[in-house]
Amino acid sequence: MDHHQKRNLTFLSIGLIFMLSGIEYAVILPTIWRYLQILEAPPYFLGLGLSAFSLSALLTGPLFGFWSDRSKTTKSIVLLSNVFEILGNFMYFIGYSKWLLLSSRLVAGVGAGAGSSIFGFLTRSTRPDERAGVFAAIMACRQVGLLLGPAFNLFLRLCDFRLGPFVVNKYTSPGIFMCLLWVLVQFVVLAMYWDVPPLGPEAGAVMMEMKREEEEEDEEAPLLMGSADEEPVHTYKAVSTGQSEASARPDHAASDPFRGFSYLCVSPAEFMREEVVVLLTAQFITLFNQTALEVRRYFGFGELGNSLMYSLCGVEVVLGFVLVRWLSGRVADRAVLAAGLLICCAACIWCLVFLCSPRGGYGWELSAFAIGVFLQLLGLPFVAVSQVSLFSKVTAEKTQGFSQGVRRSVGGLATILGPLWAGGLTSNLYIMLGMMLALLVMITVSSPVCSVGAD
């Protein structure tokens, strides 16, 4: 099997992983509150259960990313993370108590932390000009999972039998269903996932560094065997063409036990550069606003109405990612980002004008809400894909796993804080939407600096 085939199969495996993450969200979210009520959980446990998954992913993302940067592999990390998904969903299936249910979401969230390693791998294995298109396709896979989830719920809600000592009903069945799907994905990853060699301008440097580390480990053993009275032995490196002669100096790195760590440890200055701060802020604000808008007025749709609404929203987002994938080969990432932010600003202005003080009846208010949601979801793929692509270009390629972990952690923090902010201001929409618009305008004005070092 040649390199191109391995690369395509690996991308297909990654798409399947992201699709399953969408399915998991779609099959568990509709029933988790009723499940908690059966287990006699207080109302605040719903917030804890929904936040637990994001919290553990937020904490483990940078760790998985650092591991992938250090090992230059991701397959073993993906296999390990899937084990956490399997275990977490099996714990959800068992149920037994509200604390076990809460713990199950924490454990499953650890598995989601491997997304940072995957995005780091995608950065290293794609060219800058094709990266946005690949990111768009992978993100669209999750939205496809969100669309398929309600279809699976149609038969999961009919489950009513026993599996040994366990009860399988419409509340526990999503756990065992997802557990089985993640087991199947383990076999897919084993057979179709390859740690293909990196591409891009830093690929050579990364491979040289790996080779140099191996050489230094071989040289370190005889040096340590020398007696303390012997004169220290220095090693020298060959100077390549175009390299400064000043670099041909004694190499003390072999005796430095923290040399490997310092090579991969990102300086705080890496994340204090203006373009990086702007992109991280864009990640936070867009997800903060998105989750805040989900805390909306209840329109009395019912189960079927809500499923239909989420399905329509999912179709729009998938089509948005397809559009962004098409645009990525024709328009610069910074232009896509600017367009997405302007659309999000328009959505916020629309909601501020027409939803805060509705002038018509139920029909008018519902129409105004639908248009606001349409605009918000239309801008989401533009911002999501462009800011990930730009972020991969303005941060060091050799530490992409850790950097992507930080980016995803910022997004996870936004998904936790967004509902908390909006939940207390549902009766003060002017304050809620006004602050959201102010944040969007701020990041839109700052977005031109994102082109520094990116294109």
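The values are calculated or read from the model by the stated rules, or taken from the named source; none is laboratory data. Remember, it's a predicted structure, so these values are computed and weren't measured experimentally. Here the Cβ is made from the backbone with ideal geometry for all residues, glycine too, and neighbour counts use every protein chain on show. Quick note on the areas: whole protein, heavy atoms, side chains included, nothing else; ligands and nucleic acids left out. Shrake-Rupley method; radii C 1.70, N 1.55, O 1.52, S 1.80 Å.
Mind checking whether some residue in region 166-173 is in a helix (DSSP H, G or I) and either open to solvent by 50 Å² or more (accessible area, probe 1.4 Å) or not acidic (Asp, Glu) (or both)? Yes, there is a match, as at least one residue in region 166-173 is in a helix (DSSP H, G or I) and either open to solvent by 50 Å² or more (accessible area, probe 1.4 Å) or not acidic (Asp, Glu) (or both).
Here Ile32 clears all of (1) closer than 27 Å to Ala191 by Cα; (2) of a type in the set (Val, Ile, Thr); (3) open to solvent by less than 10 Å² (accessible area, probe 1.4 Å) except the condition numbered (1).
None of Ala52, Ala41 is more than 13 Å from the chain's Cα centre (by Cα), farther than 26 Å from Val322 by Cβ and not in a helix (DSSP H, G or I) except Ala41. Test Gly133 against the stated conditions and say whether it is under 16 Å from Arg325 (Cβ atoms) and open to solvent by less than 40 Å² (accessible area, probe 1.4 Å). The answer is yes for Gly133. In this structure, Leu378 does not qualify as part of a helix (DSSP H, G or I) and over 20 Å from Leu293 (Cα atoms).
With the requirement that a residue be part of a helix (DSSP H, G or I) and either free of Cβ contacts under 8 Å to residues at least 40 places away in the same chain or touching a strand residue (DSSP E or B) at 6+ places or on another chain (Cβ under 9 Å) (or both), what does region 1-20 give you? Across region 1-20, the qualifying residues are His4, Gln5, Asn8. Does Arg330 satisfy being charged (D, E, K, R), under 23 Å from Leu279 (Cβ atoms) and part of a helix (DSSP H, G or I)? Considered against the rule, which asks whether it is charged (D, E, K, R), under 23 Å from Leu279 (Cβ atoms) and part of a helix (DSSP H, G or I), Arg330 comes out as no. The residues of region 327-348 that are under 14 Å from Gly133 (Cα atoms) and without any contact (Cβ under 8 Å) to a residue 40 or more places away in the chain, listed by number, are Leu327, Arg330, Val331. Annotation: Ile118 fulfils all but one of (1) more than 13 Å from the chain's Cα centre (by Cα); (2) at pLDDT 85 or above; the unmet one is (1).
When Leu439, Leu378 are screened for being modelled with pLDDT of 80 or more, open to solvent by 20 Å² or more (accessible area, probe 1.4 Å), under 21 Å from Phe321 (Cβ atoms) and in the same structural domain as Val331 (by the TED database), only Leu378 passes. When Lys6, Lys75 are checked against the criterion of being modelled with pLDDT of 85 or more and touching an Asp or Glu at 6+ places or on another chain (Cβ under 7 Å), Lys75 stands alone in meeting it. Under the condition of being open to solvent by 30 Å² or more (accessible area, probe 1.4 Å), within 30 Å of Arg7 (Cβ to Cβ) and part of a loop (DSSP other than H, G, I, E, B), the residues counted in region 55-103 number 2. Take Gly109 and tell me if it is under 15 Å from the mean Cα position of the chain (by Cα) and surrounded by 22 or more Cβ atoms within 10 Å (Cβ to Cβ). Yes, satisfied.
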